[in-house]
Amino acid sequence: MVLENLSDSLKESMRRLFKGVLIDPKLIGDLVSDIKKSLIASDVNIELATKLAESIRKRALAEKASKTLTAREHTVNIVYEELVKFLGSEFEPIKIEAQPTKILLVGLFGSGKTTTAGKLAKYYKKQGLKVCLVQTDTWRPAAYEQLSQLAAKVNVPFYGIRDEKDPIKILKKFEPDFSRFNVVIVDSAGRDALNRELTEEIKRVREFLKPHESLLVLSGDIGQGALKQAQAFQSTANVTGMIISKLDGTAKGGGAISACAATGAKVKFIGVGEHIDDFEEYKPKNFVSRLLGMGDLETLLQKAQGAIKKDEAEKLAKKVLKGDMNLEDLYKQLESLQKMGPLSQIMNMIPGMGMAKIPKELLETQGEKMKFWKFVIQSMTSEEKEHPEIINSKRIARIAKGSGRPESDVRELIKQYNQMKKMMKTLGNAKQMQKLQKMFGGKLPPGLGI
Ligand code: GDP
Ligand code: MG
């Protein structure tokens, strides 16, 4: 997942907190220093991390738990609230009111502007809005091709002039067309640094385009270096919000996000992969609950909407969490989940799953294997599907023959089924977790029973 290392170490701190017998100043002291260490390892500025740790410690020692929470839950809640404050605040979506709403993307070379332009176009198109993409990067020779290919992929109109040197000429030519759209997304040229040339160019484009939003695209791998870059662009380019890209491939993302939050600018979106769908609204509350292993059903359901219907997704989540499934259910669940993206990403969004230690092989089971599983399951009798425990070596040999798959495939399927079932049982027993999830937003879909 995004910020995997930070998340793993925060989850470990949470686990230790749950295991601790007594919530006393020593335990709180250990917790706070663990959290601080985790943040610094994620390239968070030391001063900022120390300040955060101190405010958690102060609150945890001073505040009394309310009647509905145990001391432990109260402490977790403080960690959660302080981290949310630290990594942003409330999410405010970009208002699409003006017709058209013009969004300009700015940033340095390689920060992910063009990729993000494509992702953003898809994001708005999914909402049923009319979107177009405009290329004003006349600096990089391949920029025209790159964005026009992305536009074709998303299936939105593309505007650009190959070999034109002046971005204003491009904007002038196509401006009359813009009024046909709800959202006009304009990509721009970068440089290696925010030098005078780039500042001037952005200024000219801004003056002509009059964008409603100027979003700075920053690469997450610059860590706390994001602070300087963000400040520089803010003072010269009237940045209205930020997008942090490449959070999937860096251990420094915590530094980038906290640095941006420290400037007071709002992070609107995050890029979490090279693919056009690897893009999320940045909602600090959801983000932090995922980091802590508390799940993020809202984002999960959003993702699910593209793949399966909302009520189906809710039913699915409910079944997965209940854990009373047979082999066919398991197959169906894995199949629907796969439509939403890699299982490892999805699991982190289901409450409780993030904290559970899920076998890596299970998460990595992808398309090919699933196809074989289907054949294997189809070759089983109803009794075997309902009660996989009766499957002995004789039956395995028969199933393998019937499905045309090696016996090892059958054995592997049964092994993974057993692992999954065992894991679900552990989760079902985790009463502590269930209580906690109630605290975290209470936004769980009805009927989920936690
Ligand atoms: P630009 O120069 O600012 O327009 O940057 P590009 O959009 O061309 O991106 C530069 C490189 O970063 C490309 O190879 C992209 O595939 C990659 N990239 C962009 N966003 C992401 C992201 O969120 N995750 C990952 N892993 N790669 C990304
Ligand atoms: Mg570009």
Burial order of peptide ranges 229-236, 267-274, 23-30 (average beta-carbon count within 10 Å, highest first): 267-274, 229-236, 23-30
Shape call, the stretch 1-68: gyration tensor on alpha carbons, a/c limit 1.5: oblate
Förster radius 51 Å - calculated FRET efficiency between residue 235 and residue 328 (Cβ-Cβ, nearest 0.05): 0.25
Over 30 Å (Cα to Cα) - which of 11/122; 26/67; 172/283; 37/85 fall in this group: 11/122; 172/283
Neighbourhood net charge (14 Å Cβ-Cβ; Lys/Arg +1, Asp/Glu -1) for residue 400: +2
Cross-link pairs beyond the 31 Å C-alpha cut-off, checked among 266/369; 58/252; 125/246; 126/228; 125/173; 119/285: 266/369; 126/228
Overall Cα dimensions of the stretch 134-226 - principal axes, largest extent first, Å: 40, 28, 27
10 Å-binned pair-distance histogram of the stretch 169-269 (Cα, whole percent): 14, 43, 31, 12, 1
Packing rank of 177-187, 157-167, where each peptide gets the mean count of other beta carbons within 10 Å, highest leading: 177-187, 157-167
Net charge, residue 225 excluded, C-beta distance under 10 Å - Lys, Arg +1, Asp, Glu -1: 0
Heavy-atom accessible area order for 373, 139, largest first, 1.4 Å probe: 139, 373
Where only C-alpha atoms are counted, convex hull volume of the stretch 101-291 per residue in Å³: 107 Å³
Extension reserve of the residue 200-residue 50 stretch, reckoned as 0.36 nm per residue once the Cα distance is removed: 50.1 nm
Alpha carbon convex hull of the stretch 35-110, volume per residue in cubic angstrom: 154 Å³
Computed E for residue 382/residue 411 - FRET, C-beta separation, R0 22 angstrom, nearest 0.05: 0.60
Extended-chain gain in nm, criterion 0.36 nm per residue less alpha-carbon gap, residue 179 and residue 19: 51.6 nm
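Taking the convex hull of the Cα atoms, report for the stretch 49-192 its projected area averaged over all directions, in nm².
Averaging across all directions leaves 12.8 nm² for the Cα convex hull.
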Which of 206, 140 is most accessible, then next, and so on - probe 1.4 Å: 140, 206
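The values are calculated or read from the model by the stated rules, or taken from the named source; none is laboratory data. In this text, all values refer to a predicted model and were calculated from it rather than measured experimentally. Here the Cβ is made from the backbone with ideal geometry for all residues, glycine too, and neighbour counts use every protein chain on show. Keep in mind that these areas ignore ligands, DNA and RNA; they rest on the heavy atoms of the full protein, side chains included. Shrake-Rupley method; radii C 1.70, N 1.55, O 1.52, S 1.80 Å.
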